[in-house]
Every structure is written in C-alpha cells, then in structure tokens.
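The values are calculated or read from the model by the stated rules, or taken from the named source; none is laboratory data. Since the structure is predicted, the reported quantities are computational estimates derived from the model, not experimental observations. When we count neighbours, we look across all protein chains shown, and the Cβ atoms used for this are built from the backbone with ideal geometry, even at glycine.
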Ligand code: AMP
Ligand code: ZN
C-alpha cells in the first residue's frame, strides 16, 4: 500500500546517502538544460564541485526571475516528445511561470500524494472530494492522480459552485475534502445559508487545506465547523505542486519528503543557512524530477525546520506552518506586517466570521491601514453599542500585535466576492514615490 515504510522511516544516514546520490545525478541532468549550462558556466561551477550534501551551498540559487528569463523551454532537460504535461504557477505574485513533466514525473508526484493521503488515514473505502481548481493550478490534477493511485473514489468537483459541492457531499457520502482554506471557510457560510450542519448532515472525517497560508486558529475553526481533522498540505508548482510536505497524524509540522527534495532554510537577506528552529526562507532542490529539475530554488516561503524527532516514526524533517512569503510582507508606518499576523488575531475572536481584507491607502502622505472584518451574522442583530465595543476590542487586539493602530471596519457576512482561486488578502492603493 502507500505506507512506504522503508523510505518514510529510513535511518537519517541512509536518507542522506540517497540524497547525495540523487543530487549528483540531478545536477548532471540539470546541466543538460540550456539555462543551467549557461548559468553554471558563468558562475564557474560544475557538478564535480558537489561531493557532499553541504557542497550544494557552492551552487547558485534559482529564482522565479530565472524561470521567467528561461520561459518557456530553457530549463527542459528532455526532448519535447518526452513531456506529457505542463502546469503553471498561479502567479500569486507577478507573471506566471511554466513547469513541464514527463510521465515519470507525473507518476512520482501521484506517488507522493498517495503517500501523504495514506499517512493521514485515507483508505480505499473513502470518498475524496477534490474542491481544488482543475487546470493550470496543481491542486486539482495533482491530488486527483494521487487519490486515484491510492484507490479512493475521487470526486473531481473542482472549485466553486458551493451548493453543488454540498449536494455531492451528501449524495456520495464524501469522507475527505481538499480545498484552499479561504474556500473551506466560505463553504461553511453556504451550509449555514442552507440550514445545514456538516457535522450532523454529512460523513466528513478528514480535510486537507493548503496552497495559501492560514493560521492554527483557522485550522481549529475548520475542524470544528466541519467535524474533520485538518491536515496542512504544502507544495509549489516548481516542485510538482502539493505533496512536497504534509502533516502526519501528530499535526505538528509537515514532513518534507527528503527522498525527493533537498531542504535548506536560509536568511533571505544574507543568503546564509540558518540553524534548525530558526525562521528563514525555504530553498528546495528537486531530487527525482526528470523534465525540469530545479536546483536551490528560492521558494520565498518563510518557515523553519522543527528540531527533534516526530513521534510518528517518520525520519523526514518537519517544517513549521508557512508564516507567509518574504514577498507578501508589507510595511506600514515603518512596521513590517505579514497578513498572517492579522489573521491570527482575528481568528482568535469568536464574533469574527470567515473572511477579512486589509486595505492600504495614503492619506496626507501617511500610510493608513484598514482591516475590513466579516462578522458572524448574529453580531449585527445586537445593538449599535455592542458593535462599537466589539470594534474597539478588535482594534486593541490588532494594536498589541502590530504596535500601531489600524482602522477596523466590521462588515456583514458575504460582503466580499467569492475569490477565484487563492484569496486576495491585501489591497494596496498607496502612492509610492519609487514606482
Ligand atoms: P503555486 O505553485 O503558484 O500554486 O503556489 C505555491 C505557493 O503557495 C507556495 O510557494 C506558498 O507560498 C503557497 N502555499 C502552498 N501551500 C501552502 C501552505 N500549506 N501554507 C502556506 N502557503 C502555502
Ligand atoms: Zn510525523
């Protein structure tokens, strides 16, 4: 089955030996692509420079800008005839990039997803409803092939059309769902509209949430709302998509599959490695990809390696919940702010509903940050004074986290349009001199 015990619990020394062997092999392969050949020549490095795993630090990083520069084919290491699929990164920031896969890549990817699902308890008797967008976004097809490989009945529901989703859940007795967190929260409000209670009316037991950052509070909320255990799912198109790192039943960090990825965490300013337990930017090297293996890819995602062994017995390192991207931090009045800080505060307040938005503006040459917070419906049935007290409470809580006072506007449920794909949390209307 998909409990790949030998690999998942491999002694660390063996795992490292496997990684070194795969790294050297991957490097030789990568150097057959025009982009890497040019890049390594320019930097004066070669595959021979890598004799130990630590030697990887001698190699240049690969960035999203490199992928744009090499668009579309310059990172390919196989003839085009060998390519069976392409995916595109969702363009969360800037122009999208394209990633190619051979049949072998697709099979490996499916295997990783099957491994993740099995780890969290998915079995052939389950019904898996995949509420991720199908198409260029990797969450749809990525999970789909993995779930089929595991042998569960897979409902390719796609994203959106919430009433139909709920109908599917009822009709097919769905037990496992996969969605982006913002969609799961939205879906719950549709249940409420229909007078339904997932816990009472459905058979859900497991939820996979990923593709965008969310807090521990949000996880607990979704668990409570749907009556499921939620597992964090991390991945990026440049390394297949989902299936790169996934939580085990301990729900304490995501095992990153080190047989397939070499993991580094660096300080994004100095580019030096940071020790385990310290936050930095995740850098990944693909170890088993064929069509387009990326070396030292700077993910921009901020996380840390969790020190210590996992009680589940798996030896692959765990990374902490992604705090955000180094490029989604914004600066207000000189203070660095991550959207997740705001979410962490909001989701800890019981009256707050399932959605929020941060709007940045310039007034009299000053930054002004307004947090629009969707409330639970019942909040608006109380008196105005109660609302004012609540608004004050939220403002104070945000101030103690952010160290400046934002504006807070309370809005009714359903005030934000349903997002197409990943949620847009920050809208920046500020005037910038440098732009
Ligand atoms: P894409 O490949 O364009 O779909 O997006 C990949 C990016 O989504 C990653 O680099 C992360 O920034 C984000 N992402 C994916 N999974 C998670 C997760 N579980 N938590 C936080 N961010 C995530
Ligand atoms: Zn574990």
(request) Would you mind telling me which numbered condition in (1) touching a residue at least 40 places away in the same chain (Cβ under 8 Å); (2) at positive phi; (3) within 16 Å of ligand 1 (Cβ to nearest atom) residue 271 fails? (result) (3)
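Only one of 128, 143 is surrounded by 20 or more Cβ atoms within 10 Å (Cβ to Cβ) and assigned to a strand (DSSP E or B); which?
128
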(message) Looking at the range 335-348, can you tell me whether even one residue there is in contact (Cβ under 8 Å) with a residue 12 or more places away in the chain, under 30 Å from residue 246 (Cα atoms) and assigned to a strand (DSSP E or B)?
(response) yes
(message) I'm trying to understand the selection: among the residues of the range 315-335, which are surrounded by fewer than 20 Cβ atoms within 10 Å (Cβ to Cβ) and within 11 Å of ligand 2 (Cβ to nearest atom)?
(response) 315
(message) residue 238 - would you say it is over 20 Å from the mean Cα position of the chain (by Cα), touching a residue at least 12 places away in the same chain (Cβ under 8 Å) and within 24 Å of residue 77 (Cβ to Cβ)?
(response) no
(request) Please work out if residue 115 is without any contact (Cβ under 8 Å) to a residue 12 or more places away in the chain and either assigned by TED's automatic domain parsing to the domain that holds residue 184 or more than 16 Å from ligand 2 (Cβ to nearest atom) (or both). (result) no
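Let's see how each residue does on (1) assigned by TED's automatic domain parsing to the domain that holds residue 419; (2) more than 30 Å from residue 270 (Cβ to Cβ); (3) touching a strand residue (DSSP E or B) at 6+ places or on another chain (Cβ under 8 Å):
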{"site": "360", "(1), (2), (3)": "yes, no, yes"}
{"site": "377", "(1), (2), (3)": "yes, yes, yes"}
{"site": "389", "(1), (2), (3)": "yes, yes, no"}
{"site": "395", "(1), (2), (3)": "yes, yes, yes"}
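Residues are listed down the side, and each one gets a yes or a no for (1) closer than 30 Å to residue 192 by Cα; (2) within 15 Å of ligand 2 (Cβ to nearest atom); (3) free of Cβ contacts under 8 Å to residues at least 60 places away in the same chain; (4) surrounded by 23 or more Cβ atoms within 10 Å (Cβ to Cβ):
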site: 212; (1), (2), (3), (4): yes, no, no, no
site: 215; (1), (2), (3), (4): yes, no, no, no
site: 220; (1), (2), (3), (4): yes, no, yes, no
site: 227; (1), (2), (3), (4): yes, no, yes, no
site: 249; (1), (2), (3), (4): yes, yes, no, no
(message) Being away from ligand 1 (no atom under 15 Å from the Cβ) and modelled with pLDDT under 95 is true for just one of 317, 333, 323. Which residue is that?
(response) 333
(request) Can you work out which of the residues in the range 297-314 that are on the phi > 0 side of the Ramachandran plot and in contact with a helix residue (DSSP H, G or I) (Cβ under 9 Å, 6 or more places away or on another chain) is farthest from ligand 1 (Cβ to nearest atom)? (result) 313
(request) Being in contact (Cβ under 8 Å) with a residue 24 or more places away in the chain, farther than 17 Å from residue 37 by Cβ and either within 16 Å of ligand 2 (Cβ to nearest atom) or out of contact with any strand residue (DSSP E or B) (no Cβ under 8 Å at 6 or more places or on another chain) (or both) is the filter here, so list the residues in the range 47-104 that pass it. (result) 52, 68, 90, 94, 95, 104
(request) Go through the range 155-266 and tell me which helices (runs of 4 or more DSSP H), entirely inside it, have 1 or more residues that are assigned by TED's automatic domain parsing to the domain that holds residue 121 and within 16 Å of ligand 1 (Cβ to nearest atom). (result) 181-193, 216-226
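Right, residue 181: touching a helix residue (DSSP H, G or I) at 6+ places or on another chain (Cβ under 8 Å), buried (at least 19 other Cβ atoms within 10 Å of the Cβ) and farther than 24 Å from residue 64 by Cα or not?
Yes: the conditions hold for residue 181.
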(request) Can you tell me which residue among 411, 373, 379 is out of contact with any helix residue (DSSP H, G or I) (no Cβ under 9 Å at 6 or more places or on another chain), surrounded by 14 or more Cβ atoms within 10 Å (Cβ to Cβ) and in contact (Cβ under 8 Å) with a residue 12 or more places away in the chain? (result) 411
(message) List the strands (runs of 3 or more DSSP E) inside the range 349-435, counting only whole elements, that have at least 3 residues being within 26 Å of the chain's Cα centre (by Cα).
(response) 352-363, 366-375, 426-428
